[in-house]
Amino acid sequence: MSLADHALFLAFVALASVIQNLTGFAFGLVLLGLVAVSQVAPLPALTHVVSVLVLVNAAGLFWRARPQFPPGVMGPTLAGSLLGVGLGAGLLVLLSQRWLPLLQALLALTILLAALQLLRQQQPRQQLSAPASFAGFGLLGGLLGGLFSTAGPPLVYHFYRQPLALARVRDALVTVFAVNALLRLGLLGGAGQLDATVLLLSAEAFPVVWGLSRWMAGRPAPLPEPTLRRLVCALLVLTAAGLALRAAAGWT
């Protein structure tokens with residue numbers, strides 16, 4: 001990576017961090033999508049970097065307040081998600097070595113679905129979903145987390161439809177993402193996937209993520225929430241389109 005590549009990478013990290021703090025969603029999708037389209041860094045390495053930065057975000061949140069979890073939810077969600085992380089990490093090792101265009105296409109589809117989800121205004125359920133549903137959505141989120149370190153879309157969709165306080169939903173999601181990231185890093189580190197590039201980019205991005213998370217805590221959003229959602233959605237759709245084109249070119 002050149003000096004310009006590192007500067008562009010940090011700019012993408014800053015943009016993803018701002019979006020995460022404004023919407024509570026899409027940090028990994030935005031960062032991975034922008035980096036994959038611009039090709040400033042290898043996609044498999046960036047998925048590991050995102051796992052590290054997910055832990056940074058969680059540390060920043062738990063530094064300010066002790067998390068409180070909704071009862072009867074965390075066990076099934078974590079059980080399903082940890083299984084999914086193991087499966088997804090195995091797929092990542094396989095695909096990154098042999099089928100990079102397929103990996104790009106899967107990420108493009110994930111980003112597109114996340115963008116559509118972001119536009120929808122979910123109506124909360126009257127009653128809490130069954131534990132099996134939390135385990136199922138945890139499994140799907142863990143699979144995406146193992147592949148791309150982006151477990152958010154299915155878990156955000158499911159949790160925000162529950163009759164739960166938003167603060168409890170946030171604490172639960174951040175904790176699940178952090179536990180997934182720890183397992184993912186452990187599995188891939190044991191497989192020799194965490195090289196010097198991952199460590200360097202993580203060290204570069206750490207102060208940006210930590211500083212922006214601390215600075216933006218409690219600050220009002222500069223734009224109305226619907227406008228923010230549309231802007232983030234447009235960015236995700238454009239990123240998904242760019243990734244899909246790169247994937248198609250890789251198969252030709």
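Quick note: the coordinates plus some simple rules give every number you see, no bench work behind them. No experiment lies behind these values; they were computed from the predicted model shown. Virtual Cβ from ideal backbone geometry, glycine too; neighbours counted across all protein chains shown.
What full-extension length gain, to one decimal in nm, is calculated for Ala7 and Leu200 as 0.36 nm per residue of separation minus the Cα-Cα distance?
Taking Ala7 through Leu200 to full extension adds about 68.2 nm, to one decimal.
What is the distance, in nm, between label points placed 7 Å from the Cα along the Cα-to-Cβ direction at Arg214 and at Leu15?
Rounded to a tenth, the inter-label distance reads 2.6 nm.
Give me the number: length gained by fully extending Leu102 to Ala165, i.e. 0.36 nm times residue separation minus the C-alpha to C-alpha distance, one decimal in nm.
Working: separation 63, 0.36 × 63 = 22.68 nm, distance 3.84 nm.
Roughly 18.8 nm would be gained on extension.
Highest mean first, how do 140-151, 178-189 rank when packing is the count of other Cβ atoms within 10 Å averaged over residues?
Highest mean packing first, the order is 140-151, 178-189.
Would you mind computing, in nm to one decimal, how far apart the modelled labels at Gln127 and Ala79 are, each placed 7 Å from Cα along Cα→Cβ?
2.0
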